[in-house]
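What follows draws every value from the coordinates through simple rules; no lab data is involved. Worth saying up front: this structure is predicted, and the values here are computed from it rather than measured. With ideal geometry, Cβ positions are generated from the backbone for all residues, glycine too; neighbour counts draw on all protein chains shown.
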Amino acid sequence: MTAETAPGQAWTTPGGPAKPGPTRQPSLPQRMVKYGIWIAVVTRNLGDRRFQATVITGAIGAYALASLIKNNQARPVRRTAEWYKRIGASKELQRARSALEPGKR
């Protein structure tokens, strides 16, 4: 025997979704142990040559990527500005006005 469920009601709990309970703050000794572990990990990794090389390579790569993105955004703007200078913005405005005037096609 199976229980009948309404459409869209499959896999639900009868009382609805459970509400999250109150969150407990870790006690001071627990926090101190956690901070001590983090300090030990950081101090051990700072002396590791491989970790230093990874951090330096990551920083150089992030800088290169940021400058590449910046240059790729600036180049089309400069190209568009030069194009408008070459053809003259007044010609574009005249074409737009003539296209908007009723009766002229």
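Among residues other than residue 25 with Cβ under 13 Å from its Cβ, the summed charge is +3 (Lys and Arg +1, Asp and Glu -1).
Note on residue 35 and residue 85: their simple-model spin labels are 5.8 nm apart, each label 7 Å out from Cα toward Cβ.
Remark: spin-label model distance residue 48-residue 63 equals 2.4 nm, labels positioned 7 Å along the Cα→Cβ axis. Under Stokes-Einstein, with the Kirkwood radius over Cα pairs as Rh, the value for segment 31-82 at 37 °C and 0.692 mPa s is 232 µm²/s. Stretched out straight at 0.36 nm per residue, the stretch from residue 99 to residue 75 would grow longer than its current Cα-Cα span by 5.6 nm.
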